[in-house]
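Notes to accompany the following structure.
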Amino acid sequence: MINSLKNTLLFVTLIILQVWVFNNISLWGFMTPYLFLYIVLKVRVDIGHTTLLFIGFFTGLILDIFQNTLGMQAAATTALAFVRPYTLNLFFKTSDFQPKERPSLNRFKFGGFLKYVVVAVFVHHTVLFFLEAFTFHHFFQTLEKAFFNTLFTSSGIFVIEMLTQKKEK
């Protein structure tokens with residue numbers, strides 16, 4: 001019950017901060033942190049794939065409603081939710097995970113968590129920015145935008161993770 005309440009509070013807080021604060025940040029005119037992705041990245045590893053896709057879609061849809069982005073966030077966040085299990089399998093043995101365990105900096109250590117976050121966020125940003133551009137005409141500029149936004153967002157996710165993680169004894 002407490003864990004569920006804590007997750008709901010984190011969800012609401014990140015969505016509100018994304019809409020009211022983070023969307024108004026624009027470094028060099030093109031870098032915006034999408035820290036709401038932390039919600040999808042921190043879902044338990046033993047959750048069903050369909051449920052994960054629903055969480056990704058629902059999270060993106062809520063942002064689309066507030067940002068008026070016509071489903072782009074829903075599509076990109078669903079893509080993130082789709083590749084998340086494969087990203088975890090790419091870098092870690094999922095058989096080593098305990099039931100109800102969440103990806104964390106404590107569990108994966110810095111390098112492992114960095115790879116997981118950067119790859120997953122890059123997938124989201126690539127889908128989002130190509131949908132935004134709706135053309136491959138400026139392919140490398142769009143890819144560059146996705147790359148730098150990935151670095152910015154991943155840095156913010158690391159800050160959130162360090163602030164919210166429990167210290168191991």
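The criterion of being over 16 Å from the mean Cα position of the chain (by Cα), part of a helix (DSSP H, G or I) and not hydroxyl-bearing (Ser, Thr, Tyr) does not hold for ARG84.
The residues on offer are ALA120, ALA79, ALA133, and the sole one that is more than 25 Å from VAL12 (Cα to Cα) and aliphatic (A, V, I, L, M) is ALA133.
Going by what's in this entry, would THR150 be described as buried (at least 17 other Cβ atoms within 10 Å of the Cβ) and modelled with pLDDT of 95 or more? In short, yes.
From the list LYS100, LYS6, LYS93, LYS109, the one residue that fits, being surrounded by fewer than 17 Cβ atoms within 10 Å (Cβ to Cβ), under 18 Å from SER154 (Cα atoms) and not hydrophobic (A, V, I, L, M, F, W, C), is LYS109. Of all residues in segment 1-40, those that are under 18 Å from the mean Cα position of the chain (by Cα), assigned to a loop (DSSP other than H, G, I, E, B) and farther than 24 Å from ALA79 by Cβ total 1. Filtered by the rule that a residue be surrounded by 15 or more Cβ atoms within 10 Å (Cβ to Cβ) and not in a helix (DSSP H, G or I), segment 51-81 gives a lone residue, THR69. Applying the set (1) among the β-branched types (Val, Ile, Thr); (2) farther than 14 Å from GLY56 by Cα; (3) at pLDDT 95 or above to THR78 leaves exactly one unmet item: (2).
Could you run through segment 87-101 and say how many residues are out of contact with any helix residue (DSSP H, G or I) (no Cβ under 8 Å at 6 or more places or on another chain) and in a helix (DSSP H, G or I)?
Taking segment 87-101 and keeping what is out of contact with any helix residue (DSSP H, G or I) (no Cβ under 8 Å at 6 or more places or on another chain), we get 89, 93, 95-100.
After this cut, where a residue has to be in a helix (DSSP H, G or I) as well, the list is 89, 95-96.
Going through segment 87-101 one residue at a time, the tally reaches 3.
So, of the residues in segment 133-142 that are surrounded by fewer than 16 Cβ atoms within 10 Å (Cβ to Cβ) and modelled with pLDDT of 90 or more, which turns out to be farthest from LEU27 (Cα to Cα)?
Step one: of segment 133-142, the residues surrounded by fewer than 16 Cβ atoms within 10 Å (Cβ to Cβ) are 133-141.
Subset that is modelled with pLDDT of 90 or more: 133, 139-141.
Numbers: ALA133: 19, PHE139: 21, PHE140: 19, GLN141: 16 Å.
Top of the filtered list is PHE139.
Of the residues making up segment 102-127, those that are in contact with a helix residue (DSSP H, G or I) (Cβ under 7 Å, 6 or more places away or on another chain) and free of Cβ contacts under 8 Å to residues at least 60 places away in the same chain number 10.
Counting only residues that are small (Gly, Ala, Ser) and modelled with pLDDT under 90, which one in segment 25-71 is farthest from THR94 (Cα to Cα)?
First pass over segment 25-71, keeping only residues small (Gly, Ala, Ser): 26, 29, 48, 56, 60, 71.
Checking which are modelled with pLDDT under 90 leaves us with 26, 29.
Values: SER26: 37, GLY29: 39 Å.
Among them, the one singled out is GLY29.
Filtered by the rule that a residue be part of a helix (DSSP H, G or I) and closer than 21 Å to THR153 by Cβ, segment 41-50 gives a lone residue, LEU41.
The values are calculated or read from the model by the stated rules, or taken from the named source; none is laboratory data. The model shown is predicted, which means the values in this text are computed figures rather than measured ones. Note: ideal-geometry Cβ built from the backbone for every residue, glycine included; neighbour counts use all protein chains shown.
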